[in-house]
1. Within the range 17-26, is even one residue of a type outside the set (A, V, I, L, M, F, W, C), part of a loop (DSSP other than H, G, I, E, B) and loosely packed, with under 15 Cβ neighbours inside 10 Å?
2. Only one residue in I86, I104 is in contact with a Ser or Thr (Cβ under 8 Å, 6 or more places away or on another chain) and of a type outside the set (D, E, K, R), so which one is that?
3. Which residues, taken from the range 76-101, are among the hydrophobic types (A, V, I, L, M, F, W, C) and under 22 Å from K57 (Cα atoms)?
4. Which residues, taken from the range 30-42, are touching a residue at least 12 places away in the same chain (Cβ under 8 Å) and touching a Leu at 6+ places or on another chain (Cβ under 9 Å)?
5. What's the number of the only condition in (1) loosely packed, with under 15 Cβ neighbours inside 10 Å; (2) under 16 Å from the mean Cα position of the chain (by Cα) that S89 fails to meet?
Amino acid sequence: MKKILFLLFVMLLFLASCNSGEVKSFASDFNKVVNNEDIDELNPDKFGEIEGENKAKWQTLYESEAYTIEANYEDGKKLSGYTISIESSEPYEQLEGKGYEASIAVAKVLGLDPNEFINHFETELEGKISEDVHSYLEDDYEVVFVAKKLSEFDPETGLSILFKKVNQ
């Protein structure tokens, strides 16, 4: 019985280190992309704990007044993608600001074509008036743009972009 518990413990450590390594690699690549840009680098020592309910889990990698970057986990264990949430105070609708630039950096890190990403970002902004969700597939990711209101009384709308792995 002790052997089985020990093996389960080792397997859990292994799974955690695999996800941790993948997220740290993402952070390292992100930092290379944003080097010499006016975007903060990701610091793995400041990553939040994995949190959430049921099967939906996430880990905050970076949070500011402008945007937040999170790693998403399927079943609370397997890395399933990343989300960047741009605050409504950011000038992303003019294709400017730290949140907008950071979203392009995330696309580059994941191996997506930045020009294709920008085209779809603009398409989302055009459709935002009707509050449609816009998505597209590229390589191993489905990229989903979702306009988000803080409340029904808030005239300002932020934007969340989910980079979801599709071929895991």
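Every number here is computed from the coordinates shown, using simple stated rules; none is lab data. Note that the structure is a prediction, hence the values are computed from the model and not measured. Cβ: placed from backbone, ideal geometry, glycine included. Neighbour counts: every protein chain shown.
1. Start the filter on the range 17-26 by keeping residues that are of a type outside the set (A, V, I, L, M, F, W, C), which leaves 17, 19-22, 24-25.
Pick out the ones that are also part of a loop (DSSP other than H, G, I, E, B) and you get none.
Within the range 17-26, not a single residue is of a type outside the set (A, V, I, L, M, F, W, C), part of a loop (DSSP other than H, G, I, E, B) and loosely packed, with under 15 Cβ neighbours inside 10 Å.
2. On the way: I104 fails: in contact with a Ser or Thr (Cβ under 8 Å, 6 or more places away or on another chain).
Answer to the check: I86.
3. Just the residues of the range 76-101 that are among the hydrophobic types (A, V, I, L, M, F, W, C), to begin with: 79, 84, 86, 95.
Residues satisfying the conditions are L79, I84, I86.
4. F30, V34, L42
5. (2)
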